[in-house]
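The values are calculated or read from the model by the stated rules, or taken from the named source; none is laboratory data. Source: prediction; values computed, not measured. Each accessible area value is taken on the protein alone, full model and side chains, heavy atoms only, with ligands, DNA and RNA left out. Shrake-Rupley method; radii C 1.70, N 1.55, O 1.52, S 1.80 Å.
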Amino acid sequence: MDWIINWWQIIQPTIVSKGLQLIVAVIIFFIGRKVINLCLKLLQRLMEKSNWEATVCSFAYHVFKAVLYIVLALILLECIGYEMTSLAALLASAGVAVGLALQGSLSNLAGGILILLMKPFQIGDYISAGAYAGTVREIGLVYTVLVTVDGKTIVVPNGTLSANTVENFSTQEHRRVDVRVGISYSADLKKAKEVFRKEAEAVPQRLKEEPLDVFVSELADSAVILEGRVWVSNADYFPVLWALTENIKLAFDREGIEIPFSQVDVHLVSKEQEIIEK
């Protein structure tokens, strides 16, 4: 019986100490949960006032919540007697390993956050970035979905979009239509310019307050290149481009203005003439 009493006397301080630590940990847990919920409510109010994208708000909310609970878990472990030095080293090693394994995904995630915050383009915009071009259908945290003009769906990593130059064709209200056409060197240049300008001025969608230019842009090997520039609304860009190109070709045919094709002049020299030249 004495050994039981002695054993109890030995472990009693430890049980009391651990019990007190456990009680303190439980109290800290409930207080911590209250504090975390309060912080999350404050974060939600701030994000609602900032008018952030819904995807960014959801991501920031869940990341902030996870960080707060991790901090609370570390505090609880400290309360019940775990050494935080070894635990911190373990977490740091695990974090490095996970970071290396998910390097590409983290790059795409960072790119998605930048795109959603900086807003270089929005859903419905027509963009071009490197080899990719299409209308933006969805902007996610990791990928952006584009729909091409021929109905294909392209899923582009956000890391690629954030690292490349992005052309947005939808942000400006007006766009300039540039049409280039070559005419023969023997054609009447002034007449060709007049016909070109007449067709450009006849475009019904043309913005009359904007300048209209028709000029010689290049003296190419086998043609004189005429270029016309017409300003239209963004939505009318492609219809005007296609219609004006066709109308100019038909007008040049009616007026007898030749549109040459690439050609090579081959000079045949007989053997007798070659000997004489030598």
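Among the listed pairs Lys41/Lys119; Lys34/Lys119; Lys208/Lys249; Lys119/Lys152, give every one whose C-alpha distance is greater than 31 Å.
Distance filter (> 31 Å) returns Lys34/Lys119.
Counting only heavy atoms of the protein chains, get the accessible area per residue of segment 127-255 (1.4 Å probe) and round it to a whole Å² value. Let's see the in-between values first.
Details: 7310 Å² over 129 residues.
Averaged over the residues of segment 127-255, the accessible area is 57 Å².
If you find the alpha carbon centre of segment 170-187 and of segment 188-243, how far apart are they in angstrom?
5
For segment 119-256, which whole-number percentage of the solvent-accessible area (1.4 Å probe, protein heavy atoms only) is attributable to carbon and sulfur atoms? All intermediate terms of the calculation are to be shown ahead of the outcome.
On the way: 3880 of 7870 Å².
With neighbouring chains kept in place, the figure for segment 119-256 is 49 percent.
In whole Hz, with x marking every Gly and Pro, tabulate ³J(HN,Hα) for segment 141-156 from phi via Karplus 6.51 cos²θ - 1.76 cosθ + 1.60, θ = phi - 60°.
6, 10, 10, 10, 9, 10, 10, 6, 5, 9, x, 8, 9, 10, 9, 10
Students sometimes get this wrong: rank His174, His62 by accessible area, probe 1.4 Å, all chains present, largest first.
His62, His174
Would you mind checking which residues have amide H under 5 Å from Thr144's amide H? H placed 1.01 Å from N; only 5 or more apart, or other chain.
Val156, Asn158
Might you work out the accessible area of Phe238 for me, using a 1.4 Å probe with all protein chains in place, and round it to the nearest 10 Å²?
The accessible area comes out at roughly 80 Å².
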